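Q: Let me begin by handing over the structure; questions about it come next.
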Amino acid sequence: MIKFDTEEALLKFTENIKGRTFKELDKLNLLATKKRDKGILGKIVETGFYRYPLNNDIEADFSELGIELKVSGFERTKTGLLSAKERISLSMIDYHTIIHETYEFSKFLLKNRKLLIIWYEYERGKERGDFKVWDYQLYNMSQDEHVIKNDFHLIQEKIKNGKAHLLSEGDTSYLGACTKGRDGKVRVTQPNAEEPARPRAFCLKNSYMRGILRSINEEQKTEQTTIKTVRDYIYKQIETYIGMTQLEIYEKLTNKQMTGRIPKNIGKMISDQMIGKDNELKQKHDLFNKTTYIIKNVPVDEDYNLLERLTFRNIVQSEFADPWDESDWKKYFEEVTFLLICYEGKGKKNGHRTLKGMKEITFNADDIDSFGKTYEKIRQAIGKKDIALLPYPKTFPYQKLEIAPKGLGGDDAYNTFFDRDRTKTCLMMDKDFVRSKMK
DNA sequence: CTCTGATCATGT
DNA sequence: ACATGATCAGAG
């Protein structure tokens, strides 16, 4: 077993792992003996490369240096970008003890302040032993401390309030509370409520990991700002306009009068200026770098009930080649947070609704499953070349996502569905469902 | 009313 | 020239 006296020594040694496959590293032949072990790649690196004995100790892997080893996969997207394969799981959350811990001394931080992340490339269809390590990275949690600390406290508060069973990964920005256990049926007790809760562990969320991965060659910089959540950030941008109509805001922002017909996307024109365009958000604030945020503008009534469905971009048939579990749409919905800029004005014309506030929504496993049904119906329709099989509204119980037309005047959208790989249709999301997701 | 197929100004 | 983000408007 190798001891490292300094970080530099550890990193220098780790440099040699680049380019190695797990087969080459697997000195104890774990690939053959522990076929079903999900953590096997990590164990191979620990035992085969660093020559540590197998351990499940609470102490950090490189305890002298306070560094925990994590072996994590990435994929290359079609456009060549890197994307983290999974979230990184940290320590289990003990519902009974966490309520007495402070962040600074919590078990969570004790073990996870610094992570040595070994990045290997995951390739579908390839044997695990053939996956290759491409790079490594010493990640220091303090680089995003203010956000992570805030996330920690959000999770802790929920448990204190007897709501451990209501925890969800969507509650937080970077640090999540992800479910654990062999299947979805396992339950444990919680301190301040009778309700049993699913066991959970802290994790660094997938979208955050992607941000970490892409920053691999960038200098670490520490945030100075006091803004802790995207919610805070957006709210600061829109605050001064609350109560004004869309037209008033547009005119104030652009110093131009809106003449002629009011564009249907006036809300987006405003939010592009007030907050930034979706693909500019990354540059506006580091928070946007590590999670996918999409801003949507929606009309609501006085109780925030949506007046319209959420619409998405035009779909193309080739997007539906992969089964749901491997699809880009699934990844998108798992990862994305929608920021809904709400304009109140039931019965009012477009342009004359007033800015009311902002809501955030994310999707849980049930939602994702339901979206999958919609997705698979589109695949069936494509496979059988039968538009009758498309997921029109209300084609199955509790449907949350539906297909809808989206074209120019005169398009007979559904009937041109198979014409070429460009459809005049899109997905729309049920408004009552969206309302139920707002916090 | 609400639902759902149809439509449009703008951005790229 | 067409997709996007969103609303419109007729049907029921």
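Q: Could you size up the charge dipole of region A:1-52 around its Cα centre, putting +1 on the beta carbon of Lys and Arg and -1 on that of Asp and Glu, and report it in debye to the nearest 20?
A: Taking the Cα centre of region A:1-52 as origin, the dipole is about 400 debye.
Q: If we count other beta carbons within 10 Å of each Cβ, what is the order of A:Tyr120, A:Tyr392, fewest first?
A: The most exposed by this proxy come first: A:Tyr392, A:Tyr120.
Q: Can you put A:Arg261, A:Arg379 in order of Cβ neighbours within 10 angstrom, beginning with the fewest?
A: So the residues, fewest neighbours to most, are A:Arg261, A:Arg379.
Q: Angle between the Cα long axis of helix A:365-384 and the longest principal axis of chain A, 0 to 90 degrees, nearest 10?
A: Tilt relative to chain A: about 70 degrees.
Q: For chain A, give me every cysteine whose Cβ has no other Cys Cβ within less than 4.7 Å, ordered by residue number.
A: Among the cysteines of chain A, those whose Cβ sits 4.7 Å or more from every other are A:Cys342, A:Cys426.
Q: Now for a different question. Please state, to two decimals, what the Cα-based radius of gyration of chain A comes to when divided by 2.2 N^0.38 Å (N = residues).
A: It is 1.09.
Q: Along the charge dipole of region A:100-157, pointing to its positive end and built from +1/-1 on Cβ of Lys, Arg, Asp and Glu, which listed residue (A:Leu116, A:Ile148, A:Gly129) has its Cα farthest out?
A: A:Gly129
Q: Classify region A:86-198 as rounded, prolate or oblate, taking a ≥ b ≥ c as the square roots of the eigenvalues of its Cα gyration tensor: rounded when a/c is under 1.5, otherwise prolate if a/b is larger than b/c and oblate if not.
A: Cα axes put region A:86-198 in the oblate bin.
Q: For a quick check: with amide H placed at 1.01 Å from N, whose amide H comes under 5 Å from A:Ile67's, ignoring anything fewer than 5 positions away on the same chain?
A: A:Phe62
Q: Same structure, new question: Among A:Ser318, A:Ser271, rank each residue by its count of other Cβ atoms within 10 Å, from fewest to most, as a rough exposure measure.
A: A:Ser318, A:Ser271
Q: Can you compute the charge dipole magnitude of chain A about its Cα centre, using +1 on each Lys and Arg Cβ and -1 on each Asp and Glu Cβ, nothing else charged? Give it in debye, rounded to the nearest 20.
A: 980 debye
All of the numbers you see were taken from the coordinates with simple rules; none came from a lab. A quick note: this is a predicted structure, and the numbers were derived from the prediction, not measured. Virtual Cβ from ideal backbone geometry, glycine too; neighbours counted across all protein chains shown.
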